[in-house]
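The values are calculated or read from the model by the stated rules, or taken from the named source; none is laboratory data. Predicted model, so just to flag it, every value in this text is computed and none were measured. FYI the Cβ positions are ideal-geometry reconstructions off the backbone, even for glycines, and counts take in every protein chain you see.
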Amino acid sequence: MKYLFGPINSRRLGISLGVDLVPFKTCSMDCVYCECGATTDLTIERREYVPTADVISELDSYLGDAPAIDVITFSGSGEPTLHSGIGDVIRFLKEHYPKYRIVVLTNGSLFWMEDVRKAVHDADILVPSLDAATERGVADINRPADGITAERIVEGLIALRREFSGEIRLEVFIVPGMNDSDTEIHALKQACEAIRPDSIQLNTLDRPGTVETVRKASADTIARITEMLHPLPVEVIGKPDYSRDVSPIRGDIDESIIRTLTRRPSTSDDLAKSLDVRTTEVIKILARMIDEGRIEEKVQERGTFYCLRHTEQH
Ligand code: SF4
């Protein structure tokens, strides 16, 4: 499977099959907190980055076995709405596999383009990001491609809300020192009042980010921001819940680990649970991969994370 990954067990979405529509780190932003590393193709050009027909055929083959998943999520190591065929893939899924809900995780930077709003129209849940509503905040945190401004992002999200009848969960990633000041939060609140998402999900660093100095927001900071955003529907994102069993896409375990680490740094426990393999086995494989120079360790508050070294990109 080239374009599908997981399924992973997500606390917010259930058992989720991932679809990755763009090559590694093709994105319209280069966020300081990105789990996948620095953006290598920073662009707002929409095109068929991978063949739409091949993605549809992979989905058809996987879903034909009626797997026990809840949702199909467009996400991965770049921005999925950059792919000009995303609307065709969503329509295919709605027509042929209507029992699965469709989710799009997006950085929310392209909804000022009417084509992008139309492309995601048939999805069930959209999870766009909005980390800041000032030009300074967006420049500092998201470091977007030319053509993307805070004003455009907010206008696009307002238009999206007007036209999209499904659920919109707006995700705000708090970066201490960049978007946690009173000024930033006031601007964000005003934007959220105009956008009217169904919920606002506050998130902060859980895994190593692209910029090493970026740190996790404290519980006090998150509590202060939640209070400032009141009475908007704010939810604080917790840790992943692995209470349900997941059967990974079959294939070589080394390959599955590398594919997972391409998309997000993970602990040995995260990998064991998402790939349904014993932790002791995962630890042995990770130790070998470190010796081979394919991956490296980063120690964080939540534990030791394993990341891909730069040469190991898929
Ligand atoms: S966090 Fe998302 S939007 Fe930001 S650089 Fe990474 S992939 Fe792109």
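Scanning the range 1-43 for residues that are within 17 Å of S266 (Cβ to Cβ) and near the ligand (Cβ under 9 Å from one of its atoms) turns up Y33, C34, E35, C36, G37. Being within 9 Å of the ligand (Cβ to nearest atom), among the aliphatic types (A, V, I, L, M) and assigned by TED's automatic domain parsing to the domain that holds H83 is not true of V50.
Do we have any residue at all in the range 71-88 that's more than 16 Å from the ligand (Cβ to nearest atom), within 13 Å of G18 (Cα to Cα) and in the same structural domain as A133 (by TED's automatic domain parsing)? Yes: one or more hits.
Restricting to the range 190-226, name every residue that is within 16 Å of the ligand (Cβ to nearest atom) and among the polar types (S, T, N, Q). Within the range 190-226, Q201, N203, T204, T210 meet the criteria.
Exactly one residue out of V104, V127, V71 is of a type outside the set (D, E) and touching a helix residue (DSSP H, G or I) at 6+ places or on another chain (Cβ under 8 Å), and it is V104. Which one of these does A219 not meet: (1) surrounded by fewer than 14 Cβ atoms within 10 Å (Cβ to Cβ); (2) of a type in the set (A, V, I, L, M, F, W, C); (3) modelled with pLDDT of 95 or more? Only one criterion in (1) surrounded by fewer than 14 Cβ atoms within 10 Å (Cβ to Cβ); (2) of a type in the set (A, V, I, L, M, F, W, C); (3) modelled with pLDDT of 95 or more is unmet by A219, namely (3). Looking at the range 99-109, which of the residues that are surrounded by 24 or more Cβ atoms within 10 Å (Cβ to Cβ) and in a loop (DSSP other than H, G, I, E, B) is farthest from the chain's Cα centre (by Cα)? The qualifying residue farthest from the chain's Cα centre (by Cα) is S109.
Take the conditions at positive phi, within 19 Å of the chain's Cα centre (by Cα), buried (at least 17 other Cβ atoms within 10 Å of the Cβ) and at pLDDT 95 or above and apply them to R143. Does it pass?
Considered against the rule, which asks whether it is at positive phi, within 19 Å of the chain's Cα centre (by Cα), buried (at least 17 other Cβ atoms within 10 Å of the Cβ) and at pLDDT 95 or above, R143 comes out as yes.
Here A194 clears all of (1) at pLDDT 95 or above; (2) within 30 Å of R309 (Cα to Cα) except the condition numbered (2). On the given criteria, is D60 among the acidic types (D, E), within 12 Å of the ligand (Cβ to nearest atom) and surrounded by fewer than 18 Cβ atoms within 10 Å (Cβ to Cβ)? No, not satisfied.
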